[in-house]
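Q: This is the structure I have questions about; it appears just below.
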Amino acid sequence: MAFKDKVAVVTGGGSGIGRALCEKLAAAGAKVLVSDIDEYQAKAVASAITSMGGKALAHKTDVTKSPQVRELVQKALDTHGRLDYMFNNAGVGVGGEARDLTLKDWKRVLDVNLWGVIHGVDAAYPVMIRQGHGHIVNTASVAGLVAAPGLLPYTTSKFAVVGLSRALRIEGRALGVKVSAACPGFVDTGIFYSFSLPGMDIDELLDKLPMRMPSPEKAADHILAGVKKNREIIFATSHAKPLYWFSQKTPRAFRLAAEAGLYSFRRMRQAKAG
C-alpha cells in the first residue's frame, strides 16, 4: 500500500528502468507523471498505463534544463496538489578510456546524470519541505560505489549522485524528506547502445560480461522494495552488492580484477583495429 494514491514523477520514464518504474508504480495505485526527453516514448508509456486502468500523464522534459524540470514538478502540483515521490532517473553514458574522450563527452554525461539530478532536487526538495513529507530517489549506479575504468564520465557522475544523496538525506531527515540512491549494476536496457565506444562493438563487449544482465522490471522491483524500506543505498541488481563489498573488503584483488578487465578491453580493441 506504500504507493497507493501517491503522486510520483519519473524522469527518463520512456524506456528502461524508468519505464518499468512507471508501470510498477501505476500498478501499485500511484498517479504517475511519465517524463522523458522523447515525448513519443513518454506518451506511449502513459497510454499503456491508462489502457490498463492506471493513472498516468506524459510530459516532455529535458532534465539538463532547470526551467523544464521545475515545470514538470509544477505540473504534478497543478494536477494532483502534491508530490510524494521524485525519481531522478534519466541517464546517459559514454564509454572508452580517458585518452579517447573529449570535453564534449564529459559535458554530455555530467549534464544529464549529475545536473539532471541537481535540477530534480532543486525543483522537488522545496515542495517536499513545505509539505512536510516526500521521498527523492536518485538513480546512481554500482559505478557510483566502485571505480569503473573505461567509464570515467559515467562513474564520476554516479559517485557525485551517491554523495549528493547521502548528504541530502541527512539534511532532509528532520524536515520530513527522505532521500535514497538507487545503485543498479548492469541491466538489460538500451543505455548501452547509446554509449560511444571508439573502435569497439558494444554487442561483443556485452558478450564478455561475467554475469547475466537482469531485466529493467527486476531492477525496478529492487528499487521500489528499497524505497518502501527507506534504504539509503538501494542495490538494484543481485550482483551490485557483492561487487561493492568485494571492492571494500579486498581492494587489491578488486584493483587487479579491474586491471584485468581493462587489459581484455584493450586487447579486443587492438584486435578490432587489426
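The values are calculated or read from the model by the stated rules, or taken from the named source; none is laboratory data. Just so you know, these numbers come straight off a predicted model, no measurement behind them. Ideal geometry is used to build each Cβ from the backbone, glycine not excepted, and the neighbour counts take in all protein chains shown. All accessible areas refer to the heavy atoms of the entire protein, side chains included, with ligands and DNA or RNA removed. Shrake-Rupley method; radii C 1.70, N 1.55, O 1.52, S 1.80 Å.
Q: Looking only at segment 8-64, how many residues end up being on the phi > 0 side of the Ramachandran plot and either in a helix (DSSP H, G or I) or free of Cβ contacts under 8 Å to residues at least 60 places away in the same chain (or both)?
A: 3
Q: Condition (residue is under 17 Å from ALA236 (Cα atoms) and open to solvent by 20 Å² or more (accessible area, probe 1.4 Å)) applied to segment 124-132: is it met by at least one residue?
A: no
Q: Confirm whether VAL121 is modelled with pLDDT of 95 or more, of a type outside the set (Ser, Thr, Tyr) and under 15 Å from the mean Cα position of the chain (by Cα).
A: Taking the combined requirement at face value, the residue satisfies it.
Q: If ALA147 satisfies every condition in (1) open to solvent by 40 Å² or more (accessible area, probe 1.4 Å); (2) modelled with pLDDT of 95 or more; (3) within 18 Å of the chain's Cα centre (by Cα) but one, which is the exception?
A: Failing condition for ALA147: (2).
Q: May I pose another question? Does segment 38-51 contain any residue that is within 23 Å of MET1 (Cβ to Cβ), basic (Lys, Arg), modelled with pLDDT of 95 or more and open to solvent by 20 Å² or more (accessible area, probe 1.4 Å)?
A: Scanning segment 38-51, I find no residue that is within 23 Å of MET1 (Cβ to Cβ), basic (Lys, Arg), modelled with pLDDT of 95 or more and open to solvent by 20 Å² or more (accessible area, probe 1.4 Å), so the answer is no.
Q: Identify all residues within segment 93-117 that are surrounded by fewer than 19 Cβ atoms within 10 Å (Cβ to Cβ) and of a type in the set (Val, Ile, Thr); write none if there are none.
A: Once the filter is applied, which keeps residues that are surrounded by fewer than 19 Cβ atoms within 10 Å (Cβ to Cβ) and of a type in the set (Val, Ile, Thr), segment 93-117 yields only THR102.
Q: Return only the number of the condition from (1) under 22 Å from the mean Cα position of the chain (by Cα); (2) at pLDDT 95 or above that ALA174 does not satisfy.
A: (1)
Q: Further question on the same structure: Output yes when any residue across segment 74-81 is outside any helix (DSSP H, G or I), open to solvent by 30 Å² or more (accessible area, probe 1.4 Å) and at positive phi, and no when none is.
A: Within segment 74-81, one or more residues are outside any helix (DSSP H, G or I), open to solvent by 30 Å² or more (accessible area, probe 1.4 Å) and at positive phi.
Q: Okay, next question. Look at segment 162-181 and say how many of its residues are closer than 14 Å to ILE129 by Cα and in contact (Cβ under 8 Å) with a residue 60 or more places away in the chain.
A: Adding up the residues that qualify gives 1.
Q: When ALA160 is evaluated against the numbered criteria (1) buried (at least 21 other Cβ atoms within 10 Å of the Cβ); (2) outside any strand (DSSP E or B), which criterion, by number, is the only one it fails?
A: Exception for ALA160: condition (1).
Q: Among residues belonging to segment 217-265 that are of a type in the set (D, E, K, R) and closer than 20 Å to ALA182 by Cβ, point out the one that is modelled with the lowest pLDDT.
A: This residue is LYS241.
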